[in-house]
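A short worksheet on the structure shown next.
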Amino acid sequence: MTCRAPTLALTLALALALGAGTFAAAQPATPAPPTQPTQPPQPQQRQQPPSYSAAALYNLGNADARAGKPGAAVLNYERARLLDPNDPDLEANLRQVREAAGLAPESRGRFDRFATFAAPRILAWIGLLGFLIAGASLLARQLYPGHRHKLAASAVAGILAVVATLCNAIALWPTLHEAVVVAHSAPVQVAPVLDEEPSFVLPEAETVRVNAVHDGFVLVQTRSGRAGWVPEANLALVVPKH
Amino acid sequence: MTIVSVVLIAASPQFAVAGLNPVSGANAGAGATAGAASAAIDATLEPQQIALGESARLTILSSGNGTLKVPLPVVAGLEFRVVGESRRFQMINGAAIATTATIVRVTPDVAGVFTIPGITPKSPPLVLRVTPGNGRTGVSPDDELPGRTGLIPGKTDANGIRLTPDGSAFVRLSTPKHEIYVGESIPVEIQVGMRDGFAVSVNGLPKLNSGDFTLNNLSRQPERVEKAIDGKPFTVITWRSLLSAIKPGAYSLTFEAPVTVRIRTRPQRESMLDDLLGDPFMQNVFGATVQKELKVTSPEAAFTVLALPVDGRPADFGGAVGSFKVSTDVSSATTAAGDPLTLRMHVNGTGNFDRVATTMLGSDGDWKTYEPKSSFNTTDPTQYRGEKIFEQPLIATHPGAQTIPAIPFSYFDPGTRRYETARTAPLTVAVSPSAADSAAVAPPPAAGSSGTPVDATHGGLRPDHAATDAAVDTLVPLYLQPRFVGLSSALALLFAGGWVALRRRERGTTDARTRAAAQMTETFLAQMAGASAAGDTLQFFNTARSAIQHVLGARLQIAPEEITAADVHPGLGDDSDDLRQLFALADEANYAGRSLQPPDFERWTQIVRRRLTREIAS
């Protein structure tokens, strides 16, 4: 009876992972219309959740850039980069739009480049597979002591895959809490109240970190470290909240 | 120093003290009087600018030990009337000092700038500005709606004003018309008038008393003006809103507003004070009023609500009622096939913009279209007037000169009482072949770092991608999504369960071994005890050696019978010498027949017991 439990756990784990993979593969592969993600929720659209694809967001960013909307363009490029972080066209266009808007160029460090060597979606499955391999290897090591060295190597490989996923999460975490200035300019105030003199103004397409939200205002922090409250309508979150 | 103050108030001739000489007529000449010589005089005028029909207050302050006669000024066009006097006595170190305040109401007969000469030769002159209308707010004389025709409290006048019975407040509804269509929005004004001095505050928003109408977009910041109504100063607060009817028929409605007013505490006919002091300020000063909350209701307003006609209703009519104009423009007159454009449709005018909707352009062979989104621009707080802009993304599917057709927009115009259909002008867009099509016939353009051609037609942007990748419903990375986290957690739980099961199995095996070993130990020790009791040396040592062989065999993973004295090396413990001697004694007993005395049996039994116990514990 007790001998069967680890085997049963392994079988169930494999079944869960395979089932999840099958479920993921069965997700609709229909490309999203290019304008859907940035549209405000229309009454007839509320029943359907928005859908995003890297190419559609990239195309939408191009359309916004051509229409002279650098804020919306940067927003859509940033969103597309979340789904496809290694698109050189996207990087080039994002750099160009930011430069045209008078913003400093972005620089990605070694860690960021390493951690985003693949799309988060792929890394998620790699991490899950690694977790499965590591767990199964450690369990099998108990069952089959004669193969403990091979199983230990297998467990290490699995753990490395999990670490790769964790690194990707660490690299993307700041982006998940960023917003882009989509208004022509966004006055930044010391306090989240109306009719207060702005302490400084954020230019359109500037990317800021969101620290808090209060009563229609967002507490933001720029990459240079300046902080203040901005009216919510002037910003758009890179990862919208549904 | 001791200070004692006593205040005496004279409100009328009957209550006058210290020689007040009241005046009941216009410019009666004699003013407040006081006697004695050592008195200081000061005069203030508030406010210094009023509208015709309003009054200013002149306060003459005299202080000193004696009394002084102060004549009222005489100015052509101004009426001076003493309405009261107060006196304050202060005892300072036994000396009484009196301060007398004489309050004079100044009422202009005509508009203009008046200079009131100084009360004493040393006093500076005072200036009073009187505007034709309301000087402080710039309201024209036309705003004095009831005029001086006499507004009777409790009765509705021709301008729709009905004062409360005490004359302190009113609520008035102002509408452009009284015949409207179902769904039509008409701008209305709700005015709450409060007589200065009587009404204290408005305690809430005006409320519509009818279930047949809806009130939308009530202005957040009401307009506040001061008006003279029936010659009396009123503060009028005006809200603007949109009124819509729900169903056809003849209906009436009223508005009510919660107001705090001051109510007279005594019947007017019983109060000589009130007879003299018609001014509410003075009534309040003399404590003749108390505050009370009232709900002030407007007169009933009757409306005829008409149903929208069925005949001639366009198929695309969406409920817009008003007067509108439409136009369209496109984000660029030139584009490439496959590149998105934005078509904007502007609907401006007046009406119920919340019902203004359009599907804009439908997909056809030349254009791929998407759902339009709308925005509303207005400076009108009621949103009755403004511009609604619809933006629709378009993608040209074929190169060449493509036409965006006219877009119809139907609405009902209550002015003409019929449905109207406005149409935009068609637009022409020059569509060039797409980058992919061009690549087949044109030489390759300049390449970027990745080798992707640069789209030189759009400021160096790299071209669009074919949207063939899978769509996701959220931008949150998969590993942070709840479903995925749940799956990972389930796997972790399964592995933890498997590990726990393995540990339990190992523990069970160990326990069984321990129990077997303990049982074996007891058996061996029992046999040794039996041999010891019988004095059987051979049996004793054979059993002892066998017991040691079993435990060492299990430890060294060797068959018990293969364990010899040579295998008992010092690393097996500090009793290894004893064990080797035990093995030698066993051989000696077997082959030489050596016998032992009872103390020796006991010693060897203790040695064997210790070793067995230690091996079981480990």
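The values are calculated or read from the model by the stated rules, or taken from the named source; none is laboratory data. These numbers come from a predicted model, not from an experiment. For neighbour counting, all protein chains shown are included, and Cβ atoms are generated from backbone atoms with ideal geometry for every residue, glycine included. Protein only, heavy atoms only, side chains kept; ligands, DNA and RNA dropped before computing areas. Shrake-Rupley method; radii C 1.70, N 1.55, O 1.52, S 1.80 Å.
When the test is whether a residue is modelled with pLDDT under 75 and within 29 Å of the chain's Cα centre (by Cα), B:ARG220 passes it. When B:ALA559, B:ALA592 are checked against the criterion of being out of contact with any helix residue (DSSP H, G or I) (no Cβ under 9 Å at 6 or more places or on another chain) and surrounded by fewer than 15 Cβ atoms within 10 Å (Cβ to Cβ), a single residue qualifies: B:ALA592. Given the criteria more than 13 Å from chain A (Cβ to nearest Cβ) and not in a helix (DSSP H, G or I), does B:ILE558 qualify? Criteria met by B:ILE558. Restricting to the stretch B:407-435, give me the number of residues that are at pLDDT below 90, surrounded by 14 or more Cβ atoms within 10 Å (Cβ to Cβ) and outside any strand (DSSP E or B). Number of matching residues: 3. Among the criteria (1) surrounded by fewer than 18 Cβ atoms within 10 Å (Cβ to Cβ); (2) under 31 Å from the mean Cα position of the chain (by Cα), the one B:GLY231 does not fulfil is (2). The set of residues in the stretch A:134-145 being surrounded by 13 or more Cβ atoms within 10 Å (Cβ to Cβ) and more than 11 Å from every other protein chain (Cβ to nearest Cβ) is empty. For the stretch B:459-516, filtered to residues that are among the acidic types (Asp, Glu) and more than 7 Å from chain A (Cβ to nearest Cβ), the residue that is nearest to A:ALA155 (Cα to Cα) is B:GLU506. Residues in the stretch A:73-100 that are more than 15 Å from A:ALA171 (Cα to Cα) and outside any helix (DSSP H, G or I): A:ASP87 only.
Within the stretch B:87-98, the presence of a residue that is out of contact with any His (no Cβ under 8 Å at 6 or more places or on another chain), surrounded by 15 or more Cβ atoms within 10 Å (Cβ to Cβ) and under 29 Å from B:LEU52 (Cα atoms) is excluded. For the stretch A:101-113, filtering for residues that are among the charged types (D, E, K, R) and assigned to a helix (DSSP H, G or I) leaves 3. Taking the criterion of being closer than 14 Å to A:LEU143 by Cα and either open to solvent by 30 Å² or more (accessible area, probe 1.4 Å) or of a type outside the set (Gly, Ala, Ser) (or both), the residues of the stretch B:488-506 that qualify are B:PHE495, B:TRP499, B:VAL500, B:LEU502, B:ARG503, B:ARG504, B:ARG505, B:GLU506. Annotation: A:ASP215 fulfils all but one of (1) without any contact (Cβ under 8 Å) to a residue 40 or more places away in the chain; (2) under 18 Å from A:GLU106 (Cβ atoms); (3) acidic (Asp, Glu); the unmet one is (2). Scanning the stretch B:87-120 for residues being more than 12 Å from B:ALA43 (Cα to Cα), at pLDDT 75 or above and not hydrophobic (A, V, I, L, M, F, W, C) gives a total of 7. Hey, does the stretch B:354-367 have a residue that's touching a residue at least 12 places away in the same chain (Cβ under 8 Å), in a loop (DSSP other than H, G, I, E, B) and in contact with a Lys or Arg (Cβ under 6 Å, 6 or more places away or on another chain)? Yes, there is a match, as at least one residue in the stretch B:354-367 is touching a residue at least 12 places away in the same chain (Cβ under 8 Å), in a loop (DSSP other than H, G, I, E, B) and in contact with a Lys or Arg (Cβ under 6 Å, 6 or more places away or on another chain). Restricted to the stretch B:346-372, and to residues there that are within 10 Å of chain A (Cβ to nearest Cβ) and touching a helix residue (DSSP H, G or I) at 6+ places or on another chain (Cβ under 9 Å), the residue that is most open to solvent (accessible area, probe 1.4 Å) is B:GLU371. Name the single residue that is farthest from the other protein chains (Cβ to nearest Cβ) among those in the stretch B:334-345 being in contact (Cβ under 8 Å) with a residue 60 or more places away in the chain and under 19 Å from A:ASN59 (Cα atoms). The residue in question is B:ALA337. When the stretch A:118-127 is filtered for residues that are open to solvent by 10 Å² or more (accessible area, probe 1.4 Å), among the hydrophobic types (A, V, I, L, M, F, W, C) and in contact with a helix residue (DSSP H, G or I) (Cβ under 8 Å, 6 or more places away or on another chain), the ones remaining, listed by number, are A:ALA118, A:ALA119, A:TRP125, A:ILE126. Note on the stretch B:575-589: residues that are within 15 Å of B:ILE548 (Cβ to Cβ) and open to solvent by 20 Å² or more (accessible area, probe 1.4 Å) amount to 6.
Among the candidates A:LEU176, A:LEU202, the residue that is surrounded by 12 or more Cβ atoms within 10 Å (Cβ to Cβ), modelled with pLDDT of 90 or more and either more than 23 Å from the chain's Cα centre (by Cα) or on the phi > 0 side of the Ramachandran plot (or both) is uniquely A:LEU202.
Taking the conditions exactly as written (touching an Asp or Glu at 6+ places or on another chain (Cβ under 9 Å), modelled with pLDDT of 90 or more, open to solvent by less than 40 Å² (accessible area, probe 1.4 Å) and within 30 Å of B:THR342 (Cα to Cα)), does A:LEU90 satisfy them or not? Judged against the criteria, A:LEU90 is a match. Might you check whether a residue that is open to solvent by 20 Å² or more (accessible area, probe 1.4 Å), of a type outside the set (A, V, I, L, M), at pLDDT 90 or above and not in a helix (DSSP H, G or I) occurs anywhere in the stretch A:39-51? Within the stretch A:39-51, none of the residues are open to solvent by 20 Å² or more (accessible area, probe 1.4 Å), of a type outside the set (A, V, I, L, M), at pLDDT 90 or above and not in a helix (DSSP H, G or I). Here A:ARG110 fulfils each of the conditions (1) surrounded by fewer than 19 Cβ atoms within 10 Å (Cβ to Cβ); (2) more than 11 Å from chain B (Cβ to nearest Cβ); (3) within 23 Å of A:PRO203 (Cβ to Cβ); (4) out of contact with any Asp or Glu (no Cβ under 8 Å at 6 or more places or on another chain) apart from (3). Could you list, ordered by first residue, the pairs with Cβ atoms under 8 Å in which the first is in the stretch A:87-100 and more than 9 Å from chain B (Cβ to nearest Cβ) and the second is at pLDDT below 90, at least 6 apart or interchain? Going by the 8 Å Cβ cut-off, the qualifying pairs are A:LEU94/A:GLU106; A:ARG95/A:PRO105; A:ARG95/A:GLU106; A:ARG98/A:ALA104; A:ARG98/A:PRO105; A:ARG98/A:GLU106; A:GLU99/A:PRO105. The residue that is nearest to the other protein chains (Cβ to nearest Cβ), among those in the stretch A:205-239 that are open to solvent by 30 Å² or more (accessible area, probe 1.4 Å), within 24 Å of B:THR474 (Cα to Cα) and in a loop (DSSP other than H, G, I, E, B), is A:GLY216.
Scanning the stretch B:381-388 for residues that are within 21 Å of B:GLU184 (Cα to Cα), outside any strand (DSSP E or B) and of a type in the set (Phe, Trp, Tyr) turns up at least one hit.
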